[in-house]
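Below is one structure, written out as structure tokens; the observations come after it.
The values are calculated or read from the model by the stated rules, or taken from the named source; none is laboratory data. Given the structure is predicted, the values throughout are model-derived calculations rather than measurements. With ideal geometry, Cβ positions are generated from the backbone for all residues, glycine too; neighbour counts draw on all protein chains shown.
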Amino acid sequence: MNDQTVSLILDSLGPLLRATVTSTIPLTLVSFVLGLALALGVALMRLSSVRVVSGVARVYVSLIRGTPLLLQLFIIYYGLPAMGVRFDPFPAAILAFTLNVGGYAAEVIRSAILSVPKGQWEAASTVGMGYVTTLRRVVLPQAARTAIPPLSNTLISLVKDTSLASTIQVTELLRVAQEAAAPTYQFFALYGVAAVYYWVVCLALSFGQSRLEERQNRYVAT
């Protein structure tokens, strides 16, 4: 590695970090939180005894899981303007990632809810709890322990998937690395730095996942 490459890497550390903090991480967190809210609603729809409601949710999950995320991004950013609906790059990326997370996380949440013994529902009913109260105070807290590992994996995958936002002109970590490398063709060096940034963020999330699992399991009888 020559002095020019080292100098380029050092000069790019700040812009790459700034893109990580101001774009990649917010894009990840906002999309994940909104996606979880959507996923919970879709999961409850999937569990509904009303066939039309469960059918709509099933079709949504099938569409999201059966099409590439990149195609979903392109449809929202490049395709919807043909129908008169336009989004700026960042909101378009958030919408696409939210819908994607919602489709995948819905099945995780549905499985977690189904893992709670039916006796818990019956016990809550006998003390006068309604459906919403039972979900909030009995079922979802128990389901969360089962759902945390796969949902954490979804979050970590989302961090890496945000790199696709560069294809719709979002100035996130990968796009900044591309722009910095283009004049000198030092793609290996700058992509390597970008990879380290992604890795560090994912390591931090993995650490948070471990701590959260420990907290959830603290009061579980063994």
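Go through the stretch 106-146 and count every residue that is closer than 27 Å to residue 65 by Cβ and hydroxyl-bearing (Ser, Thr, Tyr).
3
Cβ-Cβ under 7 Å, sequence separation 6+ or interchain: first residue in the stretch 105-128 and free of Cβ contacts under 8 Å to residues at least 40 places away in the same chain, partner small (Gly, Ala, Ser). Which pairs?
Note: pairs meeting the criteria are 112/143; 112/147; 115/143; 116/143.
Could you grab me the full set of residues in the stretch 25-36 that are within 19 Å of residue 99 (Cβ to Cβ) and touching a residue at least 12 places away in the same chain (Cβ under 8 Å)? Reasoning before the result, please.
Initial filter on the stretch 25-36 (within 19 Å of residue 99 (Cβ to Cβ)): 26-36.
Listed by number, the residues that qualify are 27, 28, 30, 31, 32, 34, 35, 36.
Pick from 137, 110: which is part of a helix (DSSP H, G or I), surrounded by fewer than 13 Cβ atoms within 10 Å (Cβ to Cβ) and in contact with a helix residue (DSSP H, G or I) (Cβ under 8 Å, 6 or more places away or on another chain)?
On the way: 110 fails: surrounded by fewer than 13 Cβ atoms within 10 Å (Cβ to Cβ).
None of the others qualify; the one that does is 137.
Condition check: closer than 13 Å to residue 20 by Cβ and surrounded by 19 or more Cβ atoms within 10 Å (Cβ to Cβ). Does residue 162 satisfy that? Before the answer, list the steps.
Details: closer than 13 Å to residue 20 by Cβ: yes; surrounded by 19 or more Cβ atoms within 10 Å (Cβ to Cβ): yes.
The answer is yes for residue 162.
Considering 64, 9, which residue is surrounded by 12 or more Cβ atoms within 10 Å (Cβ to Cβ) and within 20 Å of residue 92 (Cβ to Cβ)? Let's see the steps before the verdict.
Values: 9 fails: within 20 Å of residue 92 (Cβ to Cβ).
Testing whether each residue is surrounded by 12 or more Cβ atoms within 10 Å (Cβ to Cβ) and within 20 Å of residue 92 (Cβ to Cβ) leaves just 64.
Considering 31, 54, 48, which residue is among the polar types (S, T, N, Q), in a helix (DSSP H, G or I) and farther than 28 Å from residue 202 by Cα?
Numbers: 31 fails: farther than 28 Å from residue 202 by Cα; 48 fails: in a helix (DSSP H, G or I).
Criteria check complete, one pass: 54.
Could you list, in sequence order, all residues of the stretch 170-222 that are modelled with pLDDT of 90 or more, under 18 Å from the mean Cα position of the chain (by Cα) and among the hydrophobic types (A, V, I, L, M, F, W, C)?
Selection gives 170, 173, 174, 199, 200, 201, 202, 203, 204, 205, 207.
Which of the residues that make up the stretch 116-134 are assigned to a helix (DSSP H, G or I) and more than 15 Å from residue 47 (Cβ to Cβ)?
The initial filter retains those residues of the stretch 116-134 that are assigned to a helix (DSSP H, G or I), namely 118-126, 131-134.
Those that are assigned to a helix (DSSP H, G or I) and more than 15 Å from residue 47 (Cβ to Cβ): 119, 122, 123, 124, 125, 126, 133.
Run down 187, 207 and say which single residue is in contact with a helix residue (DSSP H, G or I) (Cβ under 6 Å, 6 or more places away or on another chain) and surrounded by fewer than 15 Cβ atoms within 10 Å (Cβ to Cβ). Spell out the reasoning first.
Values: 207 fails: in contact with a helix residue (DSSP H, G or I) (Cβ under 6 Å, 6 or more places away or on another chain).
Going through 187, 207 in turn, the sole match is 187.
Pick from 106, 123: which is over 29 Å from residue 176 (Cβ atoms) and within 14 Å of the chain's Cα centre (by Cα)? If you could, list the steps in order and put the result at the bottom.
Numbers: 123 fails: within 14 Å of the chain's Cα centre (by Cα).
Step by step, each of 106, 123 is checked, and only 106 is over 29 Å from residue 176 (Cβ atoms) and within 14 Å of the chain's Cα centre (by Cα).
Return only the number of the condition from (1) over 13 Å from residue 12 (Cα atoms); (2) loosely packed, with under 15 Cβ neighbours inside 10 Å; (3) of a type outside the set (Lys, Arg) that residue 147 does not satisfy.
(2)
Only one of 76, 94, 148, 156 is of a type outside the set (Phe, Trp, Tyr), touching a Leu at 6+ places or on another chain (Cβ under 7 Å) and farther than 26 Å from residue 205 by Cα. Can you tell me which? Full working, then the answer.
On the way: 94 fails: farther than 26 Å from residue 205 by Cα; 148 fails: farther than 26 Å from residue 205 by Cα; 156 fails: farther than 26 Å from residue 205 by Cα.
Within the list 76, 94, 148, 156, the selection yields 76.
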